[in-house]
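The values are calculated or read from the model by the stated rules, or taken from the named source; none is laboratory data. Quantities reported herein were computed from a predicted structural model and do not represent experimental measurements. All Cβ positions, even for glycine, are placed from backbone atoms using ideal geometry, and neighbour counts span all protein chains on display. In case anyone asks, the SASA skips ligands and DNA or RNA and just uses the protein heavy atoms, side chains included. Shrake-Rupley method; radii C 1.70, N 1.55, O 1.52, S 1.80 Å.
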Amino acid sequence: MSAIKIAENVHWVGVKDPDLRLFDIVVETKHGTTYNAYLIKGKNSAALIDTVKAGFTDEYLANLREIMPIEEIEYLIVNHTESDHSGAIVPLLEINPKLKLVCSAPALPFVQNTVNNPEVDITGIKNDHEIDLGGKKLIFKMMPYMHWPDTMMEYLEEDKILFPCDGFAGHYSFESIWADECNHDIDWEVEYYYKSIMRTYAMYIRKNMPKLDDLDIKIIAPSHGPLFRKNPERHLNSYREWSADKTVGKNQVCLFYTTSYGNTKRLADSLSSHLTAAGYEVVMLDCANLDEDYAKDMIEQSKALLYGTPTFNGDAVKPVWDAIMLLQGLSIMGKKAAVFGSYGWGGEGIKLVAERLTGLRLKVFEENYRARLVPSGEEMTGLKVWSERIAEFIA
Ligand code: FEO
């Protein structure tokens, strides 16, 4: 694949990886992906935005040489340091040791650890930093945790192009680089990418998105998949919508449970009744029969997550652990949580679930509630008292 012009003196110089079927171990890529990089030539200088995954270096270097000698490129902009975009930094430096690396201030140690050479010129910049290449001015926007802590984006003022790192990206490889020349449902791919990779950072995305509000964006040129030149605002709006705080206007609690002989279910039903009486909208989900997409939506909409688990063989049961795994892809930091359940011998599963939720940085109620085997009248009264404390804790 050769370099492709996307504007005057602005070229796509990335590579395509159409055979990739699994990205970052966990994300399915049925149609492969691309590692996009861009070369911008001004009157006085030239800047390269990102490199590619190791293994594609030769093709990438060949694309660059189609446009200009690599030795004459002044800047390498590192939008974040994940390996699929930083794999050719060292080979580039071997060709052009004077290359000036530009990254966000938080990326500085990561880039240093990537090049492992104190002689390399690396600058960590701040929001609204500018580099004028001569008729090509780049304005930098720091976008922490969208999706790495070091993520930044650039806006090329003259051509109105946004280079948003992994933002608005989709894993899709085809003959063209333009979304409007593709017959596939690219919108689906962009949403799938968001749900697979970005969703867990929703809290940060909604904080960062306003930094793009004043930019007149005509082209979005992400780091994976097709570029958008028709109605790019649509993709910005999708990110605004997807990352919005879904708990606003709701007083919802998500109550996960599972049960073998009905005892934990009895506790769950009673807890639900008490919380409903306290003014909460309770969504009950049986972990053994979960619609994962629906469960993720409910988690995002809820201010608190409650987990009821039996204990078998000194542990919580697999359906409960599977339900907890859903949290990994979601923005949950700071949500409140509590754990309860029925048990026979030691009740260790309840404690283990509470510890795991704490590890995921939820605010877990200090006291779990346990009832042995068939909950007695006294235990159900104790659950009512505990429920009242939970209602206050969540408020
Ligand atoms: Fe495409 Fe975050 O790397």
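To test your reading of the geometry: what angle, between 0 and 90 degrees and rounded to tens, separates the Cα axis of helix 377-394 from the longest principal axis of the chain?
30 degrees
List the trypsin sites (Lys or Arg not before Pro) in the range 92-141 that DSSP assigns to loop (not H, G, I, E or B) and whose Cβ has at most 13 other Cβ atoms within 10 Å. Which are they?
Lys98, Lys126
Once you mark the GluC sites (Glu not before Pro) that are in a DSSP loop and have at most 11 other Cβ atoms within 10 Å, what is the longest gap between them in the chain?
176-365
When Lys and Arg each count +1 and Asp and Glu each count -1, what net charge do the other residues less than 14 Å away from Val353, Cβ to Cβ, add up to?
-1
Taking K and R as +1 and D and E as -1, what net charge do the other residues with C-beta under 10 Å from the C-beta of Phe174 add up to?
Summing Lys/Arg as +1 and Asp/Glu as -1 gives -1.
For the Cα atoms of the chain, what angle does the longest principal axis make with the long axis of helix 348-359, in degrees from 0 to 90, nearest 10?
Helix 348-359 and the main axis of the chain meet at about 30 degrees.
Note the full-extension length gain between Thr381 and Asp291 as 0.36 nm times their separation in residues minus their Cα-Cα distance, in nm to one decimal.
Here the answer is 29.2 nm.
Could you give the length gained by full extension between Asn44 and Met203, i.e. 0.36 nm per residue of separation minus their alpha carbon distance, to one decimal place?
This chain segment gains 53.3 nm when fully extended.
Would you mind checking the tilt of helix 57-67 against the longest principal axis of the Cα atoms of the chain, expressed as 0 to 90 degrees and rounded to 10?
Taking Cα atoms only, the helix is inclined about 40 degrees.
Among Pro144, Ile40, Ile220, whose Cα lies farthest out toward the positive end of the dipole of the chain, if unit charges sit on the beta carbon of Lys, Arg (+1) and Asp, Glu (-1)?
Pro144
Taking 8 Å as the Cα distance limit and 6 or more residues as the minimum spacing, I'd like the relative contact order of the range 252-394 as a percentage.
Answer for the range 252-394 is 27 percent.
Report the charge-dipole magnitude of the range 120-163 in Debye, nearest 20, computed about the Cα centre from +1 at each Lys and Arg Cβ and -1 at each Asp and Glu Cβ.
Dipole magnitude for the range 120-163 comes out near 120 debye.
Distance in nm between label sites at Lys160 and Arg240, each 7 Å beyond Cα in the beta-carbon direction?
Simple spin-label model gives 1.7 nm for this pair.
Could you name the lysines whose alpha carbon sits less than 25 Å from that of Lys246, not counting residues in the same chain fewer than 8 places away?
Lys246 reaches Lys195, Lys207, Lys211, Lys296, Lys303, Lys335, Lys336, Lys363.
If you place +1 on the Cβ of every Lys and Arg, -1 on the Cβ of every Asp and Glu, and leave all else neutral, what size is the dipole of the range 224-305 about its Cα centre, to the nearest 20 Debye?
Approximately 260 debye in magnitude.
Pick from Ala169, Ala54, Ala278 the residue whose mean-square fluctuation is largest in a GNM of the chain, springs joining Cα atoms under 10 Å.
Highest fluctuation of the listed residues: Ala278.
Calculate the length of the line joining the C-alpha centroid of the range 22-94 to that of the range 193-253, in whole Å.
Measuring centre to centre over Cα atoms gives 24 Å.
Going 7 Å from the Cα of Asn113 in the Cα-to-Cβ direction, what parts of the range 140-173 have a backbone nitrogen less than 20 Å from that spot?
In the range 140-173, the label zone of Asn113 (backbone N under 20 Å from the point 7 Å along Cα→Cβ) covers 143-152, 166.
Tell me, what is the per residue accessible area of the chain in Å², probe radius 1.4 Å?
Per-residue value: 43 Å².
Could you check which residue among Tyr35, Tyr75, Tyr294 shows the biggest mean-square fluctuation in a GNM of the chain with a 10 Å Cα cutoff?
Tyr294
Toward the positive end of the charge dipole of the chain, about the Cα centre and with charges on Cβ (Lys, Arg +1; Asp, Glu -1), which of Val317, Tyr294, Cys165 goes farthest?
Val317
About the Cα centre of the chain, what is the dipole size in debye to 20, counting +1 per Lys and Arg Cβ and -1 per Asp and Glu Cβ, all else neutral?
Roughly 1120 debye, rounded to the nearest 20.
What does the charge add up to near Leu383, with Lys and Arg as +1, Asp and Glu as -1, over the other residues with Cβ less than 11 Å from its Cβ?
0
Just to be sure I understand: with springs between alpha-carbon atoms less than 10 Å apart, which residue in Asp128, Asp214, Asp84 has the highest mean-square fluctuation in the Gaussian network model of the chain?
Of Asp128, Asp214, Asp84, the most mobile in the Gaussian network model is Asp214.
I want to check the label-to-label distance for Thr123 and Lys211. Put each point 7 Å from Cα in the C-beta direction and report it in nm to one decimal.
1.7 nm
I need to check one value: relative contact order of the chain, counting alpha carbon pairs closer than 8 Å and at least 6 residues apart, in percent.
Taking the mean separation of contacting Cα pairs over the length of the chain, I get 10 percent.
Under the Karplus relation 6.51 cos²θ - 1.76 cosθ + 1.60, θ = phi - 60°, what is the ordered set of whole-Hz ³J(HN,Hα) values for the range 319-328, x standing for Gly and Pro?
x, 6, 4, 5, 5, 5, 4, 4, 5, 4
Quick check on the chain: what does the Kirkwood estimate of hydrodynamic radius come out to from the alpha carbon pairs, in Å?
23.2 Å
Can you run phi through the Karplus equation (6.51, -1.76, 1.60; θ = phi - 60°) for the range 361-367 and list ³J(HN,Hα) in whole Hz, with x for Gly and Pro?
6, 7, 8, 8, 4, 4, 10
In whole Hz and in residue order, list the ³J(HN,Hα) couplings for the range 304-317 that follow from phi through the Karplus curve 6.51 cos²θ - 1.76 cosθ + 1.60, θ = phi - 60°; x for Gly and Pro.
8, 10, 10, 10, x, 9, x, 10, 10, 6, x, 8, 6, 8
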